[in-house]
1. Per 0.36 nm of contour for each residue apart, how much would the distance between ARG276 and LYS239 grow if the chain were fully extended, relative to their Cα-Cα spacing?
2. Counting other C-beta atoms within 10 Å, and keeping those with at most 15, which DSSP coil trypsin sites (Lys or Arg not before Pro) do you find in the range 62-114?
3. To the nearest 0.05, what FRET efficiency results for GLU76 and ASN266 with a Förster distance of 56 Å applied to their C-beta separation?
4. Hey, in the GNM for the chain with a 10 angstrom Cα cutoff, which one of PHE255, PHE20, PHE326 fluctuates hardest?
5. Modelled label-to-label distance, ALA311 and SER100, 7 Å Cα→beta-carbon offset: nm?
6. Give the whole-number value, in cubic angstrom per residue, of the convex hull volume spanned by the C-alpha atoms of the range 177-267.
7. Tell me the label-point distance for the pair ARG204, GLU47, using the 7 Å Cα-to-Cβ offset, in nm and rounded to one decimal.
8. State the Cα centre-to-centre distance between the range 42-73 and the range 134-173 in whole Å.
Amino acid sequence: MDRIDSLRELAFEKKGFDAFLVGNEKNLLYLTGTPGAFCLLIPKKGESIVYVYGVNYQQTKAEAKGFKVELVKAGEKLTERLAPQLKTFKIGKLATDSLSYDYYHLLAKGLRGRTRLNAQGGLIWQLRRVKDEKELQLMRKAGKITSVGMHTAYENIRPEITEIEVAAEIEYSMRKEGGWGTGFETIVASGIRSAYPHGGCANRKIRKGDLVVVDIGAVYERYCSDMTRTIVAGEPSEKQEKMFAAVKTAQEKAFLALKAGAKGKNIDQIAREAIRNAGYEPYDHGLGHGVGLEIHEPPMLGANSKDKLVAGNVVTNEPGIYIPNFGGIRIEDTVLVEEGKAEKLTRGPYTLEAEK
């Protein structure tokens with residue numbers, strides 16, 4: 001069953017809708033296979049229609065296989081195009097994923113009460129959160145490219161090099177390996193800045209003995225990966241090694257708990273308790289999040305998570321310790337959830353020491 005058929009089953013057979021209007025950029029990419037579509041109308045019966053503006057028309061026609069592609073001209077109000085189309089398909093109940101308030105208002109006005117709108121973005125997430133084999137092939141490749149980037153970090157971190165220079169070397173190596181780009185801003189945060197979970201990178205020179213948190217993620221064929229290691233520029237101190245050991249233990253225990261049927265909040269708690277038992281205050285963010293076409297997706301691993309993992313989920317496992325005015329340590333891998341076990345999609349050193 002392809003993705004459109006799966007969505008039809010969820011939206012039409014189980015929920016009773018007559019059509020689904022998709023407007024979210026990543027949902028469009030997931031369903032059509034092309035990044036240029038403006039919106040997609042999936043009727044209960046009949047051909048699905050992709051609407052696209054001129055700048056992306058030729059690419060969408062070439063890449064959106066199995067869809068009717070209609071050009072939206074400059075200045076044309078798509079709501080005026082959709083209203084008669086919905087009437088033709090005799091659509092009384094229309095599901096949507098995510099529309100802006102203004103667009104929702106214009107669409108509702110154009111329909112004049114003939115069609116009821118209902119936000120159902122969660123239905124597409126039911127599909128996206130479970131990766132198929134094709135997606136997993138792309139994500140394994142993204143993880144491999146990201147792991148190459150992390151080896152580059154271990155090779156380059158040393159006193160006097162700047163955070164930005166390290167980031168440049170990492171991103172260059174991932175591009176050379178086939179990466180399409182990065183899923184988020186590369187983080188190379190050193191010294192006291194390593195205690196900032198999202199510290200980015202600055203034109204700061206790394207100093208001898210600094211903790212350096214490196215958080216990177218390559219994109220391959222539009223699928224993301226996410227990986228963090230913490231490296232010391234020089235010889236690690238006893239305090240740094242003790243912190244590192246606590247985080248490594250927490251990550252290992254959480255990894256062993258990552259399996260189909262596990263609750264996200266329980267896995268998060270396992271990691272927190274390991275850090276607390278080592279005498280540290282645990283991280284104040286969630287343990288992890290889903291990864292796919294976006295760097296942050298469901299399911300979530302956190303104290304307030306209501307998610308239960310299923311085979312095919314891809315999530316991050318990223319416990320950390322952050323001590324203000326001293327530094328932080330985080331270790332992260334992208335992980336595929338399977339029945340009774342998990343598979344790491346990112347690999348690489350689990351050590352504080354940079355390559356000499």
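1. Taking ARG276 through LYS239 to full extension adds about 11.7 nm, to one decimal.
2. When the trypsin sites (Lys or Arg not before Pro) of the range 62-114 are filtered for loop state and at most 15 Cβ neighbours within 10 Å, LYS65, LYS73, LYS77, LYS90, ARG112, ARG114 remain.
3. Approximately 0.65, to the nearest 0.05.
4. Answer for the Gaussian network model of the chain: PHE326.
5. Label-label distance for ALA311 and SER100, simple model: 4.3 nm.
6. Taking only Cα atoms, the range 177-267 has a hull volume of 145 Å³ per residue.
7. So the two model labels end up 5.8 nm from each other.
8. 37
Taken together, the values in this text are just the output of simple stated rules run on the coordinates, not laboratory data. The structure presented is a predicted model; accordingly, all values stated were derived computationally and were not measured. Glycine gets a Cβ as well: all are built from the backbone with ideal geometry, and neighbour counts include every protein chain shown.
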